Amino acid sequence: MKSKLISLQKVVEQSIEDGATTVEQVHSSIASMPFDVLERIDALQKPASKAREIHDETVGNIYETIRLLNDRAGEIARKLLDAPE
């Protein structure tokens with residue numbers, strides 16, 4: 001039973017990691033479309049570039065936080081699963 005829980009914990013943790021990475025890539029790809037258009041307009045190029053920079057940094061921080069929380073939850077789960085019964 002315990003080995004099944006440990007295996008399940010690993011699968012869940014890896015699934016969250018992979019899912020966060022995939023969603024981040026899709027998010028960034030979709031979000032870049034309006035920035036690409038705005039940056040081609042001379043009057044908007046600088047503010048659009050700055051907005052993209054802020055957006056990309058914010059998105060990166062959010063998904064990194066999701067991965068960090070997943071790592072910490074995994075650590076807690078492993079400690080609980082490793083505890084004697």
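Read the figures in this text as sums done on the coordinates, not as results from a lab. Everything numeric in this text was worked out from a predicted model, so none of it was measured. Don't worry about glycine lacking a Cβ; one is built from the backbone with ideal geometry, like all the others, and counts go over all protein chains shown.
Around Glu24, under 14 Å between beta carbons, what's the net of Lys plus Arg minus Asp minus Glu among the other residues?
Working: positive: Arg67; negative: Glu17, Asp18, Asp56, Glu57, Glu64.
Every neighbour counted, the sum reads -4.
Any chance you could run the full-extension gain for Lys50 through His27? It's 0.36 nm times the residue separation minus the Cα-Cα distance, nm to one decimal.
On the way: separation 23, 0.36 × 23 = 8.28 nm, distance 1.80 nm.
Length difference between fully extended and current span is 6.5 nm.
Set the Förster distance to 22 Å, then compute FRET efficiency between Glu85 and Lys10 from the Cβ-Cβ distance, nearest 0.05. Intermediate results must be reported in sequence, preceding the final value.
Numbers: r = 19 Å, r/R0 = 0.88.
Here the calculated transfer efficiency is 0.70.
Between Lys2 and Ile62, with labels modelled 7 Å along Cα→Cβ, what's the label distance in nm to one decimal, could you check?
Simple spin-label model gives 4.1 nm for this pair.
Count of lysine pairs in the chain with Cα atoms under 24 Å apart, counting only pairs 8 or more residues apart in sequence or on different chains?
Within the chain, the lysine pair count is 4.
Below 8 Å, C-alpha to C-alpha, sequence gap of six or more: please give me the relative contact order for the chain in percent. Write down the numbers at each step before the final one.
Numbers: 35 pairs, mean separation 40.5, N = 85.
Result for the chain is 48 percent.
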